[in-house]
C-alpha cells in the first residue's frame, strides 16, 4: 500500500482511499470549499486595492489580521 501511495493512486482509487486516509472531520463539502476559496480571493483583492492607497496613521500601530494570511496561500 505504501509503495502504491508514493507512486500515485489512480483517480478511481483516490476518490475512495483519500477520505479514509485523511478523513473529513470538519465535513467540508465542495460547495463550502468554493465559498471559502472565493472569500480568500476577495480578501486578497481587497488587500491589493488597499495597498495601492497611501494612508498615514499616527496613533495606531500597524496590525495584521487574518486577512493578511491570505498572501501565504497559493492558488
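The values are calculated or read from the model by the stated rules, or taken from the named source; none is laboratory data. All of these numbers come straight from a predicted model, not from anything done at the bench. Cβ atoms come from the backbone with ideal geometry, glycine included; neighbour counts cover every protein chain shown.
Matching residues to (1) in a loop (DSSP other than H, G, I, E, B); (2) in contact with a helix residue (DSSP H, G or I) (Cβ under 7 Å, 6 or more places away or on another chain); (3) modelled with pLDDT under 80; (4) exposed (fewer than 10 other Cβ atoms within 10 Å of the Cβ):
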site	(1), (2), (3), (4)
5	no, no, yes, no
13	no, no, no, no
21	no, no, no, no
33	no, no, no, no
42	no, no, no, no
63	yes, no, yes, yes
Requested in this report: List every residue pair whose Cβ atoms sit under 9 Å apart, with the two residues 6 or more apart in sequence or on different chains, where the first one lies in the stretch 17-36 and is more than 29 Å from residue 2 (Cβ to Cβ) and the second, anywhere, is surrounded by 10 or more Cβ atoms within 10 Å (Cβ to Cβ).
Outcome: 36/28
Query - Filter pass, residue 50 being modelled with pLDDT of 85 or more and not in a loop (DSSP other than H, G, I, E, B) - result: no
